[in-house]
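In what follows, a single structure is set out as C-alpha cells and then discussed.
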Amino acid sequence: MTTQFLGSLKSSFRDLNPRVSGWKIFVVALVPFLSSIFAYLQSANIWPAILGDEWVYSTNSRHAPAGEPLIAATSNSLYSFVLSITNACGPDFYQCAKGINAAFFGVFVLTVFLVSLRFLPFWHSAGVSLASGVSSLSVYTSLYLPESMFYATIGLFIWLVVVGIENWKAWTWVLAGAVLGISSLVKPHAWFG
C-alpha cells in the first residue's frame, strides 16, 4: 500500500517536469537567472519612485509586528513577513528588497518558460521567457512593492492549472488552490482592482 502510494506520488511529480533534459535544463535555469540579474542591475541605482506606497510597504514589513500593520489597513502578511528580512541589511534595506524582488521576478520568468513549454517548441519558449525577462515588467524589481512576488505566485498558479488541465489529478488542483491562496496573502487587493 505504501509502496503503491509512493510510486503514484513519484509518477505525479513527473507530470510537473517540463519534458526537457540534458543541456536544455541548463537553458531553462539560465534564462530566469539572467533575467533576475538584468532586472537587479537595471534597478540598482533607482531610488523610491512611488514614495507613498513604498513607504507603507516598507514600514509595515520592517517595523510592524506580524499581522498588525502600522500604516493603512494593508493585509499583505506574506509579503511583509518575507520582506522583514531586509531589517538585517540595515541602511541598505532598499537594495536588499530589490534583490528579493529580482529573485521573485526570476521565478516569474521561470513560470513563463514552463507554461510556454507546454504549447511552444523549446527555443520559442526560451525566446518568450527571455522577452518577459527584459520587458517593462522588470521595473517592479526596483520598487518596494509586492508585485514581483505576486507575479511569481500567480505564475506558479497558472503553470499548475495548465499541468492540471493536461493530466487532471486532484493533487495538482489542491496545490494550485494552495498557491492561489498564497498569492492572496501576498497582495489581496489585486483581486479587486
- Item | Segments 162-172, 109-119 sorted - mean Cβ within 10 Å per residue, highest first | 109-119, 162-172
- Message: Using 0.36 nm times the number of residues separating Trp123 and Ile46, minus their current alpha carbon distance, what extension gain do you get?
- Response: 24.4 nm
- In sequence order, what are the phi-derived ³J(HN,Hα) couplings for the range 88-98 according to the Karplus relation 6.51 cos²θ - 1.76 cosθ + 1.60 with θ = phi - 60°, rounded to whole Hz, with x for glycine and proline? 5, 8, x, x, 8, 4, 5, 5, 4, 4, 5
- Ala88/Trp173 FRET efficiency (R0 35 Å; Cβ-Cβ; nearest 0.05): 0.40
- Calculated FRET value between Phe26 and Ser135, using beta carbons and R₀ = 25 Å, to 0.05: 0.65
- Item | Most to least packed among 133-140, 100-107 [average Cβ atoms within 10 Å] | 100-107, 133-140
- Order these peptides, 31-38, 173-180, 149-156, by their mean beta-carbon neighbour count within 10 angstrom, highest first. 149-156, 31-38, 173-180
- Message: 7 Å from Cα along Cα→Cβ at both Trp55 and Ile182: what's the point-to-point distance in nm?
- Response: 3.3
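Only the coordinates and a few stated rules stand behind these numbers; no lab work does. Note that the coordinates shown come from a computational prediction; the quantities given were computed from them, not determined experimentally. Cβ atoms come from the backbone with ideal geometry, glycine included; neighbour counts cover every protein chain shown.
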